[in-house]
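The values are calculated or read from the model by the stated rules, or taken from the named source; none is laboratory data. Values in this document were obtained by computation on a predicted structure and should not be read as measured data. Glycine also receives a Cβ, built like all others from the backbone with ideal geometry; neighbour counts cover every protein chain displayed. Ligands, DNA and RNA are excluded from the accessible area calculation, which covers all protein heavy atoms including side chains. Shrake-Rupley method; radii C 1.70, N 1.55, O 1.52, S 1.80 Å.
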Amino acid sequence: MGAQLIAVSIVSHGHGDMVGRLIGQLLAFPEVAQIILTLNVPESVALPDDARLTVIGNAMPKGFGANHNAAFTCCTQTFFCPLNPDIEFDRNPFPVLSAALANDRVALVAPLVRSPDGKIEDSIRHFPTPASLLMKALGGSDGRYAVSEDQADFAPEWVAGMFMLFRSRDFHDLGEFDERFFLYYEDVDICVRVWQNGMRIQACPKAGVIHDARRGSRRSLRHLCWHLGSMARFLWKHRGRLPKVVGDKR
């Protein structure tokens, strides 16, 4: 797997210096051939002068899926990576992730995600169902897989949209993100469609990134309403039709 193959899409919603630092880290990775930065609201960001960087300024804010889908129209690389602006790197995850995509059955890969204090986040999960969401609301399991940093790759049901690496042709063939989800559940929805279309997802715990989560739905009534609305849309869209996923380590 050669270098210069990945287009990274980042959407900033007033993230400022955080985005500048992230882009500086990405440009140091030889696999990153293209970075598409979308400014979802007007802001001033100090950015490097680099031919690999394209900046899109929105006249009006768009949702998660609409922004990344618009960025994908600029993608000229073999792989496409939607990436949260609050991701940081302590090492380069792309060699491990690119190697996993050498398997033609794999359409989407994701790293292990840790919080700044080193705790493993809930970015690799089982599909939500009415029963599992009720259990979570009552203090039960939140649906995450038990994952350690040294374990082998495996096939989970879904991975969070904070860091996804697709083969570009597969992202296109899947129909991209469903823009009817404004901010939440776009990631779960596209993972359902990966499995429904006979492809697979690979979690790569030996590739790790850091996520400085803002957890907007826990702080803002607007975000909470978006979250609940997207949850209802997802459950209705896929009612009784979630794919059976048998995880393995191949």
Having 1 or more residues that are open to solvent by less than 30 Å² (accessible area, probe 1.4 Å), modelled with pLDDT of 85 or more and not hydrophobic (A, V, I, L, M, F, W, C) is the bar; report the helices (runs of 4 or more DSSP H) wholly within region 159-250 that clear it. 168-173, 186-196, 221-237
Any idea which residue in region 52-95 is least open to solvent (accessible area, probe 1.4 Å), counting only those that are touching a residue at least 12 places away in the same chain (Cβ under 8 Å) and among the β-branched types (V, I, T)? I87
Just to be sure I understand the filter: pairs with C-beta atoms under 6 Å, separated by 6 or more residues or on different chains, first member in region 163-183 and over 15 Å from D104 (Cβ atoms) and of a type in the set (A, V, I, L, M), second member open to solvent by less than 80 Å² (accessible area, probe 1.4 Å) and part of a loop (DSSP other than H, G, I, E, B). Which pairs pass? L183/G63
Single unsatisfied condition, D122 versus (1) modelled with pLDDT under 95; (2) over 29 Å from Q151 (Cα atoms); (3) open to solvent by less than 40 Å² (accessible area, probe 1.4 Å): (2)
Within region 103-111, can one find any residue that is free of Cβ contacts under 8 Å to residues at least 60 places away in the same chain and either in contact with a strand residue (DSSP E or B) (Cβ under 6 Å, 6 or more places away or on another chain) or closer than 21 Å to V194 by Cβ (or both)? yes
May I ask you to list the residues in region 1-43 that are open to solvent by less than 30 Å² (accessible area, probe 1.4 Å), without any contact (Cβ under 8 Å) to a residue 40 or more places away in the chain and β-branched (V, I, T)? I23, I35, I36, T38
Which one is nearest to L101 (Cα to Cα) among residues in region 141-156 that are open to solvent by less than 30 Å² (accessible area, probe 1.4 Å) and not small (G, A, S)? F154
Taking the condition of a type outside the set (V, I, T) and either open to solvent by 70 Å² or more (accessible area, probe 1.4 Å) or more than 23 Å from D212 (Cβ to Cβ) (or both), does F127 pass? yes
Would you be able to say whether some residue in region 44-51 is surrounded by 15 or more Cβ atoms within 10 Å (Cβ to Cβ), touching a helix residue (DSSP H, G or I) at 6+ places or on another chain (Cβ under 8 Å) and at pLDDT below 95? yes
